[in-house]
1. Let me know the shape class of region 148-208, please: from the alpha-carbon gyration tensor, a ≥ b ≥ c as square roots of the eigenvalues, rounded when a/c is under 1.5, otherwise prolate if a/b is greater than b/c, or oblate.
2. Neighbour counts of other C-beta atoms within 10 Å: give me Ser242, Ser233 arranged from fewest to most.
3. Under 1.5 on a/c is rounded, so check that first for region 184-250, then, if it is not, pick prolate when a/b is larger than b/c and oblate when it is not; a ≥ b ≥ c are the square roots of the alpha carbon gyration tensor eigenvalues.
4. How far apart, in nanometres, would the label points at Gln178 and Lys286 be if each is projected 7 angstrom from Cα along the Cα-to-Cβ direction?
5. Using r as the Cβ-Cβ distance of Thr322 and Lys152, and R0 as 41 Å, what FRET efficiency do you calculate, to the nearest 0.05?
6. Ratio of Rg to Rh for region 229-296, alpha carbon only, Kirkwood?
7. Cα-based Rg (one decimal) and Dmax (whole number) for region 308-371, in Å?
8. Based on other C-beta atoms within 10 Å, arrange Val204, Val241 from fewest to most.
Amino acid sequence: MEKKFFGLSFFVAATNLSTKTKGLTWREIKQRKRKWKEERTIKKLEKMQKEEMGEEEVEVKSDCKPCELITMSIAVPGSILQNAQSNELRAYVAGQIARAACIYKINEVIVFDDAEEEPLASNEKSLVKCSKYCLQFGRLLQYLECPQYLRKYFFPLHSDLQYAGIMNPLDAPHHLRQDENNDFREGVTLDKPVKNDKGTFVEVGLTKQVLVYKHLQPGLRVTVKLNPPKENSKKLKGEIVSPNFPLLDSNLYWGYTVRIAHSISEVFLNCPYKGGYDLSIGTSDKGKNIDEIKKKDLRNFKHGLIVFGGLQGLENIVEKDTTLNVENVSHLFDFYINTCPNQGSRTIRTEEAVFITLAELRKKCLKIINV
């Protein structure tokens, strides 16, 4: 049956070819037939290669799932590290912010520059002028968010990380141990040769590296979805997916991103989400009592933002930002709230305010994200 079908298809194709070659010389007809056979052979080879590779098409899966991506971001001033008395305490403060972000499943942590002195130039090409405390803060946050087995690839020795060892680990869902099973893993692309140059090897913290059928430059951090293991297969295989895919596909929190803003106005202007933040919350002891905020007021949003002040509060930070033309700081936010009314201490440190605020808002809006 297969031979008859093949002969019939060949006859039909040849007939179609002959109808298109009327009026051509014999040499031109032979050239066309040769070209047609070559194209047909190439197609057969491509099909065989795809069957051997076990894939029909190599694509990066996007986060276009039926469920919608809802995010919550927090913004904290870099000056809270400047006010710490030693590098050990700076590492501890950054660790507290990172722990709070992970516990309450925050998607983005923004460190904005509120330093009074002139910004210091960075020695790194990827970073423009910014307070050194902002850069240190951002580096510590990124270090903690990165899975342990990847840190040697992305974080060389640096003075900012001198006391990173005293920070409590996040133990986030994507911080997987070697013996843990999960459909997704964070990895780094390697500069390692692949047989027949078919794809890229990725280090994902397992005993074996994962082969993905996509050519990528080495040194990239990627999210990998592991394919089910096949019998008698010596290689682990997977595919590159969006960092948001574990959250959308399996409701699995996959860490936070870190962004540096050079002022509080840039927190709003450089939002990475399409449409910007549609819910903004400012925190202050001069704000509205959190108990007066109703759940229904905080329900309908896609991308939320909570902004925290430093030692002198948000009022002082907004006043120093010349690009903001607001008479009252509360006009900058959808809600300006006091999350710890009737406090016993005269002051609440920012790292304390982050925990308090996220705990209070969890009852009202964060639980919508964390279902």
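Read-outs: derived from the displayed coordinates by stated rules, not from any lab. Note that the structure is predicted; figures quoted are calculated from it, not measured. Reconstructed Cβ throughout: ideal geometry from the backbone, glycine too, with neighbour counts over all protein chains shown.
1. Note, shape of region 148-208 comes out oblate.
2. So the residues, fewest neighbours to most, are Ser233, Ser242.
3. Oblate, because a/c is 1.5 or more while a/b does not exceed b/c.
4. 5.6
5. Once the sixth-power term is evaluated, E becomes 0.45.
6. Result: Rg/Rh = 1.19.
7. Considering region 308-371 through its Cα atoms, Rg and Dmax are 13.7, 40 Å.
8. Result, fewest neighbours first: Val241, Val204.
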